[in-house]
Amino acid sequence: MKSYSPDFEKALTVGRPPNITRLFPNSKALIVSGKYVDRAMIAKGKAVTIAANGRSTMVIRGTLLAAQRANAAVIIEIAKSEGGADAYCAVNLWNIAGYVDKMCNELGITVPVAVHADHYGIKNEKDLLRGEVEIPSLFDAGITSIAIDASHLPDDQNLLTNIRMNRFVPSWSGLETEVGEIKGSQGLSTPDEARFLIQGLNANDIFPDWIALNNGTTHGIEESDAGIQVELTAAVHRAIEKYKVSGAQHGTSGNSSERLREITSKTNTTKANVATALQMISWGVQVNDYGNALLDSNGNFLKIEDAGVTEELWTEMVAYADAKQLKKGDYKKLNLPFENRILGQAREIRDRMAKGVEDFVYDLLTKVFNAADTAPLAIEAILEKGSYDAGPKVERLDDPAEWTTENIMQKAKALDSDKGPAGNFDD
């Protein structure tokens, strides 16, 4: 039987949120609020952890193994577009916590892990009404952190939507907000937009742990390495520095290790989402330093022999994609129909899938993001607080009387805001 340190045992007792203790009363998995993962990165200084999009169980498994190996606190997440009501992944918003708990216990994982509902997108009144019912159900299912993403809306409606939906998010939960829809080099976020959003939330006693920006990157498979605009990101973070909101970097796949080291060292980022690269690596597709899948002269993905899925299964996956006329960026839609086929492979195949993810994530955590040995810092913060609720990083600084609905709408008119082209940029 595995032995656990006294600090870990105590953190298990006081650090797991009430939904986790209810769902997994006998568990040895230290599933915590996203707040504590953020705090651990801040405590180390200029450190970022991976928020791995667990599109498949192999990705989750590999990420947890890497976190244990690096002694790093991490986040496992799934986005609403990936695992919501219209999911294209077998892992979804309602079963991901169960997968994380099971694997932590099976593998003897002793690092703190947050389970994050990413990009909970709200684009219209229908989404608002659904969210009022659905968001509580996510916490019922074990989510410990959430991103309320109304960035598709005008700035005033983005802020008002965040205020309206906050009552459905437990105060102990990790909280992410977003300004500027992630869509590449167009519609870039500005310091003024970010300050407007964070000030308005602060005046309403809402204290996000992270803010995501459109800082030049995109979701999915990028065809260029233009990527993150580090100086823009740093400028936005400086504009909201007194509010102590950390950065959440989306669209990390498609950026070189050098640029990711810059985002770590030059900004206040503590969370970096990685999705597409992990998916491709788990299947055995060759990727470059940017995390972009490589193509042969015919425009086909380069499958590495003796890596990822079997050659036979990969042939089936490609044939399915061809039959469905899926573009390369839509190979993500193979996750749902092929998850059970993947689980039905021989153990050595499943192990090598997870190992590919583990090695890639370990290198990110230790060589790029400076996240090694952040697990004890998260545990230390839990024990110091003696609670699953880390509390806010800042108090209210802005006058609520200045941020009524009418004032919010008036202030928004003064913003110079370019949202970029319309379209579906979800991933």
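The values are calculated or read from the model by the stated rules, or taken from the named source; none is laboratory data. Predicted model only: the values in this text are computed from it and were never measured. Backbone-built Cβ (ideal geometry, glycine too); neighbour counts: all protein chains shown.
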Next on the checklist: Going residue by residue through the stretch 280-302, is there one that turns out to be in a helix (DSSP H, G or I) and either surrounded by fewer than 22 Cβ atoms within 10 Å (Cβ to Cβ) or touching a helix residue (DSSP H, G or I) at 6+ places or on another chain (Cβ under 6 Å) (or both)?
Outcome noted: yes
Item to check | Lone qualifier among Gly299, Gly247, Gly251 - being free of Cβ contacts under 8 Å to residues at least 40 places away in the same chain and within 19 Å of Ala79 (Cα to Cα) | outcome: Gly247
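One line per residue, one yes/no per condition, for (1) in a helix (DSSP H, G or I); (2) at pLDDT below 95:
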{"position": "Glu106", "(1), (2)": "yes, no"}
{"position": "Asp118", "(1), (2)": "no, no"}
{"position": "Leu128", "(1), (2)": "yes, no"}
{"position": "Asp156", "(1), (2)": "yes, no"}
{"position": "Thr161", "(1), (2)": "yes, no"}
{"position": "Arg167", "(1), (2)": "yes, no"}
{"position": "Ser171", "(1), (2)": "no, no"}
{"position": "Gly184", "(1), (2)": "no, yes"}
Next on the checklist: I'm trying to understand the selection: among the residues of the stretch 387-404, which are exposed (fewer than 12 other Cβ atoms within 10 Å of the Cβ) and part of a helix (DSSP H, G or I)?
Outcome noted: Ala401
Checklist entry - Within the bounds of the stretch 47-55, is there any residue that is in a helix (DSSP H, G or I), modelled with pLDDT of 95 or more and under 15 Å from Ala114 (Cβ atoms)? => result no
Next on the checklist: If I filter the stretch 62-74 down to residues being part of a helix (DSSP H, G or I) and touching a Phe, Trp or Tyr at 6+ places or on another chain (Cβ under 9 Å), which single residue comes out as surrounded by the fewest Cβ atoms within 10 Å (Cβ to Cβ)?
Outcome noted: Arg69
Next on the checklist: Of everything in the stretch 345-371, what is closer than 18 Å to Met280 by Cβ and among the aromatic types (Phe, Trp, Tyr)? Give them in sequence order.
Outcome noted: Phe360, Tyr362
Next on the checklist: If I ask for residues that are in a loop (DSSP other than H, G, I, E, B), surrounded by 10 or more Cβ atoms within 10 Å (Cβ to Cβ) and over 28 Å from the mean Cα position of the chain (by Cα), which ones from the stretch 315-327 would you list?
Outcome noted: Lys324
Checklist outcome for this item: The correct count of residues that are surrounded by 24 or more Cβ atoms within 10 Å (Cβ to Cβ) and touching a helix residue (DSSP H, G or I) at 6+ places or on another chain (Cβ under 6 Å) in the stretch 163-177 is 2
Item to check | Subset of the stretch 112-134 that is crowded, with 24+ Cβ neighbours inside 10 Å and among the β-branched types (Val, Ile, Thr) - its residue that is nearest to Leu160 (Cα to Cα) | outcome: Ile122
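From the list Glu262, Glu312, which one is out of contact with any Leu (no Cβ under 7 Å at 6 or more places or on another chain), outside any loop (DSSP other than H, G, I, E, B) and without any contact (Cβ under 8 Å) to a residue 12 or more places away in the chain? Steps first, answer last, please.
Numbers: Glu262 fails: without any contact (Cβ under 8 Å) to a residue 12 or more places away in the chain.
None of the other options fit; the residue is Glu312.
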Next on the checklist: Report every pair of residues separated by at least 6 positions or lying on different chains whose Cβ atoms are under 6 Å apart, first residue within the stretch 336-365 and assigned to a helix (DSSP H, G or I), second of a type in the set (Val, Ile, Thr).
Outcome noted: Ile349/Thr310; Gly356/Ile281; Val357/Val59; Val357/Ile281; Phe360/Ile281; Val361/Ile50; Val361/Thr63; Leu364/Ile50
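Residues to consider are Thr264, Thr276, Thr270, Thr310; find the one that is hydroxyl-bearing (Ser, Thr, Tyr), under 23 Å from His116 (Cβ atoms) and surrounded by fewer than 24 Cβ atoms within 10 Å (Cβ to Cβ).
Working: Thr276 fails: surrounded by fewer than 24 Cβ atoms within 10 Å (Cβ to Cβ); Thr270 fails: surrounded by fewer than 24 Cβ atoms within 10 Å (Cβ to Cβ); Thr310 fails: under 23 Å from His116 (Cβ atoms).
None of the other options fit; the residue is Thr264.
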Checklist outcome for this item: Counting only residues that are without any contact (Cβ under 8 Å) to a residue 24 or more places away in the chain and in contact with a Ser or Thr (Cβ under 8 Å, 6 or more places away or on another chain), the stretch 67-94 contains a total of 0
Checklist entry - How about the stretch 26-56: which of its residues are surrounded by 24 or more Cβ atoms within 10 Å (Cβ to Cβ) and either among the β-branched types (Val, Ile, Thr) or at positive phi (or both)? => result Ile31, Val32, Val37, Val48, Thr49, Ile50
Item to check | Any chance Lys102 is out of contact with any helix residue (DSSP H, G or I) (no Cβ under 7 Å at 6 or more places or on another chain), over 18 Å from Ile20 (Cα atoms) and of a type in the set (Lys, Arg) | outcome: no
Item to check | Condition met for Leu138 (touching a residue at least 40 places away in the same chain (Cβ under 8 Å) and either over 22 Å from Val37 (Cα atoms) or over 19 Å from the mean Cα position of the chain (by Cα) (or both)) | outcome: no
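For the subset of the stretch 226-253 comprising residues that are in a loop (DSSP other than H, G, I, E, B) and over 16 Å from the mean Cα position of the chain (by Cα), which member is farthest from Asp398 (Cα to Cα)? Explain how you work it out, then say what you get.
Restricting attention to the stretch 226-253, the residues satisfying the condition of being in a loop (DSSP other than H, G, I, E, B) are 226-229, 240, 244-245, 250-253.
The next check asks that each one be over 16 Å from the mean Cα position of the chain (by Cα); those that pass are 226-229, 240, 244.
On the way: Ala226: 37, Gly227: 34, Ile228: 31, Gln229: 29, Ile240: 13, Lys244: 14 Å.
By that ranking, first place goes to Ala226.
Can you pull out the residues in the stretch 130-151 that are part of a helix (DSSP H, G or I) and among the small types (Gly, Ala, Ser)?
Within the stretch 130-151, Gly131, Ser137 qualify.
Quick one: in the stretch 135-160, of everything that is among the polar types (S, T, N, Q) and buried (at least 22 other Cβ atoms within 10 Å of the Cβ), which residue is nearest to Arg22 (Cα to Cα)? I'd like the intermediate steps shown before the answer.
To start, the set of residues in the stretch 135-160 that are among the polar types (S, T, N, Q) comprises 137, 144-145, 151, 157-158.
Filter again for buried (at least 22 other Cβ atoms within 10 Å of the Cβ), leaving 144-145, 151, 158.
Numbers: Thr144: 13, Ser145: 17, Ser151: 33, Asn158: 33 Å.
My answer is Thr144.
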